[in-house]
Amino acid sequence: MKVSFVSFLPMEHELDKELRAAFERVYKRSWYIEGLEDEAFEKAFAEFCDTKYCIGVGNGLDALMLALKALGIGDDDEVIIPSNTYIATALAVTYVGAKPVFVEPNLKTFNINPSLIEQAITAKTKAIMPVHLYGQACDMDPIMEIAKKYNLYIVEDCAQAHGATYKGKTVGSFGDVAGFSFYPGKNLGALGDAGATVTNNKEIADMVRALGNYGSDYKYHHIYQGNNSRLDEMQAAFLSAKLPHLDRINIERRRIADRYLAEIKNPEVILPYVADNMVPVWHILVFVVKEEMS
Ligand SMILES: Cc1ncc(COP(=O)(O)O)c(C=O)c1O
């Protein structure tokens with residue numbers, strides 16, 4: 001049997017009515033940028049992440065890059081990131097002019113190994129970016145302790161982990177600021193590119209919003225050298241239609257993953273380890289197998 005890696009149709013068909021209604025609403029209103037849909041989704045997603053602020057942006061890379069920029073991270077700074085991640089984590093760092101410093105993963109969870117972080121810290125280190133990879137939260141307690149000890153920012157990369165928890169707390173609510181991707185294949189996916197930055201800090205929130213809107217704090221008043229990276233109304237409306245279903249979809253992902261984890265008994269296959277204090281959302285389920293050498 002051929003199983004496709006990602007198949008959007010069953011997911012979108014299930015929410016066909018809601019998605020069409022979202023399209024109609026925006027189309028009839030004919031207001032496409034910075035409007036009611038954006039406002040409503042940002043409020044709902046901030047609540048979902050248990051943070052005070054959410055700023056919709058163009059994609060996950062911008063969500064991280066604008067977060068770093070808002071923290072004042074730039075030339076000559078270093079940011080610690082996991083070596084096992086998607087390229088966007090590193091690109092967000094290099095786009096603001098800083099240097100990514102790679103730390104190896106814990107081979108059981110595939111996430112950054114907290115015990116290797118301290119040795120990567122230098123006088124130039126400004127932040128640690130934990131990436132909650134494949135839908136499983138990083139071991140956040142030791143990471144938060146290190147950040148506190150060395151006075152470093154925490155910028156969470158939550159692109160693959162919408163709704164994952166660590167000790168009952170949702171990813172995105174641990175650090176100073178966090179970035180999410182709503183690329184169509186993500187646990188919460190738009191019907192195009194989209195992303196969001198979340199934070200509890202009003203100053204960071206205001207700055208991310210301005211930076212993503214041509215550096216403007218109000219119309220035609222430009223206080224920073226910004227970008228154009230805004231969540232458009234159509235994508236915000238689609239995301240609002242999908243968000244109420246996310247918890248249920250994450251539970252279903254766990255049910256399917258739990259079956260693989262319980263029933264694969266092959267000693268050649270190393271399964272991901274899930275600590276008791278984690279609830280993963282399995283963006284993808286990664287196994288390690290020995291490569292056959294020919
Ligand atoms: C870990 C991680 N960070 C960041 C991103 C960037 O998100 P986007 O593709 O929306 O820019 C991705 C996307 O795949 C990702 O997997």
>> At 0.36 nm per residue, and after removing the present C-alpha to C-alpha distance, how many nm does the segment from Trp31 to Ile270 gain when stretched out fully?
In response: 81.0 nm
> Net charge near Ala98, counting Lys/Arg +1 and Asp/Glu -1 over other residues with Cβ under 9 Å of its Cβ?
Replying inline: -1
>> If you roll a 1.4 angstrom probe over the protein chains with everything in place, what fraction of the accessible area of the stretch 161-214 belongs to carbon and sulfur, to the nearest %?
In response: 46
> When ranked by the protection proxy of mean other Cβ atoms within 10 Å per residue, highest first, what sequence do the peptides 29-41, 153-165, 7-19 form?
Replying inline: 153-165, 29-41, 7-19
>> If R₀ is 25 angstrom, what is the calculated FRET efficiency for the pair Lys108 and Asn151, using the beta carbon separation as r and rounding to 0.05?
In response: 0.25
>> How charged is the neighbourhood of Thr85? Take every other residue with its Cβ under 14 Å from the Cβ of Thr85, and add Lys/Arg as +1 and Asp/Glu as -1.
In response: -3
> What shape does the chain take by its C-alpha gyration tensor, where a ≥ b ≥ c are the square roots of the eigenvalues and a/c under 1.5 counts as rounded, a/b above b/c as prolate, and the rest as oblate?
Replying inline: oblate
>> My understanding is that a pair violates if its Cα-Cα distance is over 24 Å; which of Lys17/Lys219; Lys148/Lys186; Lys2/Lys108; Lys149/Lys169; Lys43/Lys169; Lys69/Lys99 do that in this structure?
In response: Lys17/Lys219; Lys148/Lys186; Lys2/Lys108
> By the scheme Lys and Arg +1, Asp and Glu -1, what is the net charge of all other residues having a beta-carbon under 12 Å from that of Phe180?
Replying inline: -3
> Tell me, what is the FRET efficiency for Asn200 and Glu14 to the nearest 0.05, using R0 = 35 angstrom and their Cβ-Cβ distance as r?
Replying inline: 0.55
>> Taking the solvent-accessible surface of protein heavy atoms with a 1.4 Å probe, what is the per residue accessible area of the stretch 37-154 in Å²?
In response: 42
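The values are calculated or read from the model by the stated rules, or taken from the named source; none is laboratory data. Every value quoted in this text rests on a predicted model; they were computed, and no experiment measured them. So basically every Cβ, Gly included, is an ideal-geometry build from the backbone, and we count neighbours across all protein chains shown. What goes into the accessible areas is simple: the full protein's heavy atoms, side chains included, and nothing from ligands, DNA or RNA. Shrake-Rupley method; radii C 1.70, N 1.55, O 1.52, S 1.80 Å.
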